[in-house]
1. With the crude spin-label approximation of a point 7 Å out along Cα→Cβ, what separation in nm comes out for Ser24 versus Tyr55?
2. Send over a whole-number figure in Å² for the accessible area per residue of the chain, probe 1.4 Å.
3. Work out the length of the dipole vector of the chain about its Cα centre, built from +1 on the beta-carbon of each Lys and Arg and -1 on the beta-carbon of each Asp and Glu, and round it to the nearest 20 debye.
4. Give the carbon-plus-sulfur fraction of the accessible surface of the chain in %, rounded to a whole number; probe 1.4 Å, heavy atoms of protein chains only.
5. Just tell me the longest site-free run in the chain, where the sites are trypsin sites (Lys or Arg not before Pro) in a DSSP loop having at most 14 other beta-carbon atoms within 10 Å.
6. Could you tell me which GluC sites (Glu not before Pro) in the chain are loop residues by DSSP with no more than 12 other beta carbons within 10 angstrom of their beta carbon?
7. Add -39500 (n - 2.57) for each DSSP H run of 4 or more in the chain, then divide by its residues: what number comes out at 222 nm, to the nearest 500 deg cm²/dmol?
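The values are calculated or read from the model by the stated rules, or taken from the named source; none is laboratory data. Here the structure is a predicted model, which is why all the values come from computation and not from measurement. Cβ coordinates were reconstructed from backbone atoms using ideal geometry, including for glycine residues, and neighbour counts include every protein chain displayed. Remember, those area values only see protein heavy atoms, side chains included, never the ligands or the DNA or RNA. Shrake-Rupley method; radii C 1.70, N 1.55, O 1.52, S 1.80 Å.
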Amino acid sequence: RYYIPAVNTHFYSALQSECDFARSIGGLFDGVEFWVTRAVDANCPAGTQALTRLYNNRWRELDSNHRYLTSASEIGVMQRQGWSNEGVVMCAPL
């Protein structure tokens, strides 16, 4: 988990490249929040569930935020509210 002070948010990822990017823009690693498996082509291994990441598109307002969901219906609700669907980004244990 990275804390990004400029926008007062936390960012979670299982990809080293995304962690490196968070660090490059001033993100501070503040620990492992939970253990996940990386999704491969949006697929998760048996015994895990897909976590879809959505983004609120508010970087200009310094109010960036992400949500991580497992429910297709809730993903649809948030997309209708203007959140961008970044796809399946991690797999959480069941």
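1. It is 1.3 nm.
2. Accessible surface, normalised per residue, equals 63 Å².
3. Charge dipole of the chain: 100 debye, to the nearest 20.
4. Numbers: 3140 of 5960 Å².
Heavy-atom surface of the chain belonging to carbon and sulfur, 1.4 Å probe: 53 percent.
5. Result, exposed sites excluded: 1-57.
6. In loop regions of the chain (DSSP not H, G, I, E or B), the sparsely surrounded GluC sites (Glu not before Pro) are Glu33, Glu61.
7. Values: 2 runs with 18 residues, N = 94.
Estimated from H runs of four or more residues: -5500 deg cm²/dmol.
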